[in-house]
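Notes to accompany the following structure.
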Amino acid sequence: MARLSLVRHAQASFLSQNYDQLSALGETQAHLLGEYWAQHHVVLDRVCTGPALRHRHTAQLVAEAYRKANLVFPASFIIEEFDEFPGEVVLSESLPQLLVNNPKVRDLHDAMQKAGTDAAKRATFQRLFQAVISLWVREEIKPKNVESWQDFCDRVNRGLSNYLANAARGETGVIFTSGGPISVVVQRALHLSALDTLEIAWMQRNCSFTEFLFSGSRFMLSSFNSLPHLDGEPLVTYR
């Protein structure tokens, strides 16, 4: 059977002006993943990334570790369909009205505004973000001119189908992407509901990998959210 690993990008720069770049810790995470795979002689036949800088940079750092170990790392190509769902746009477009009409969202927003440290702000933002995105997945909010959850799932599945259709027999491939697309691929393997799929997205750790086996019409989850290359805190992050 062929094998596909999906890697969630290493830690990006949350709370900075440009989220879509790896933090210093994220760069370390990516290097460690590359070193781990190289030490275990993981041979890759095909490498793909989503279009975001954090996807491509994670792949580049893994590739550097392979080259340092004198191992071949295939040239990567971009699959646009493996971009993340438009969560920041959903939040920015929906928040003003939710602050007026939704007491839970208003309380979470107030808690984030009062957070005194970056760690507290990170945690309270995540709770606010999850609450708003859950409303979007349930179609209780529908911001104008923004991709819907169903459209997002259809996009990822279209990209995955194209990838699988072009797979060689018994190949080993990897796609560097984000938590949202990975959760949709898990949904495809396990036939999850929309809200269960969203829960999968929140569980994923930075620079973890999730493996699938496939052959013909069979597509199966082999492992989820693996981090054998990261040795506990402070290397393990969720955002």
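Numbers below:
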item: Filter result for Phe176 (in the same structural domain as Val43 (by TED's automatic domain parsing) and buried (at least 17 other Cβ atoms within 10 Å of the Cβ)); result: yes
item: Members of the stretch 139-190 found to be touching an Asp or Glu at 6+ places or on another chain (Cβ under 8 Å), part of a loop (DSSP other than H, G, I, E, B) and not acidic (Asp, Glu), listed by number; result: Pro143, Lys144, Val146, Ser148, Ala168, Ser178
item: Candidate set: the stretch 212-224, residues that are out of contact with any Asp or Glu (no Cβ under 8 Å at 6 or more places or on another chain) and touching a residue at least 60 places away in the same chain (Cβ under 8 Å); chosen: the one surrounded by the fewest Cβ atoms within 10 Å (Cβ to Cβ); result: Arg218
item: Subset tally (residues that are exposed (fewer than 12 other Cβ atoms within 10 Å of the Cβ) and not in a helix (DSSP H, G or I)) for the stretch 114-138; result: 2
item: Those residues of the stretch 5-15 which are under 21 Å from Val47 (Cβ atoms) and in contact with a Lys or Arg (Cβ under 9 Å, 6 or more places away or on another chain), in sequence order; result: Arg8, His9, Ala10, Gln11, Ala12
item: Criterion: surrounded by 22 or more Cβ atoms within 10 Å (Cβ to Cβ) and among the basic types (Lys, Arg) - qualifying residue of Arg56, Arg3, Arg8, Arg67; result: Arg8
item: Test set (1) in contact (Cβ under 8 Å) with a residue 24 or more places away in the chain; (2) part of a loop (DSSP other than H, G, I, E, B); (3) among the small types (Gly, Ala, Ser) - Gly232 fails condition number; result: (1)
item: Where Arg155 falls short, out of the listed (1) more than 22 Å from Phe73 (Cβ to Cβ); (2) out of contact with any helix residue (DSSP H, G or I) (no Cβ under 9 Å at 6 or more places or on another chain); result: (2)
item: Wholly enclosed strands (runs of 3 or more DSSP E) of the stretch 1-101 bearing at least 3 residues at pLDDT 95 or above and in contact with a Phe, Trp or Tyr (Cβ under 8 Å, 6 or more places away or on another chain); result: 2-8, 46-49
item: Residue count for the stretch 102-111, restricted to those that are in a helix (DSSP H, G or I) and either assigned by TED's automatic domain parsing to the domain that holds Gly180 or not hydrophobic (A, V, I, L, M, F, W, C) (or both); result: 6
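Conditions (1) in contact (Cβ under 8 Å) with a residue 40 or more places away in the chain; (2) hydrophobic (A, V, I, L, M, F, W, C), marked per residue:
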{"residue": "Gln130", "(1), (2)": "yes, no"}
{"residue": "Glu139", "(1), (2)": "no, no"}
{"residue": "Phe152", "(1), (2)": "yes, yes"}
{"residue": "Gly170", "(1), (2)": "yes, no"}
{"residue": "Leu198", "(1), (2)": "yes, yes"}
{"residue": "Thr210", "(1), (2)": "yes, no"}
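The values are calculated or read from the model by the stated rules, or taken from the named source; none is laboratory data. What you are looking at is a predicted structure, and each value in this text was computed from that prediction instead of being measured. All Cβ positions, even for glycine, are placed from backbone atoms using ideal geometry, and neighbour counts span all protein chains on display.
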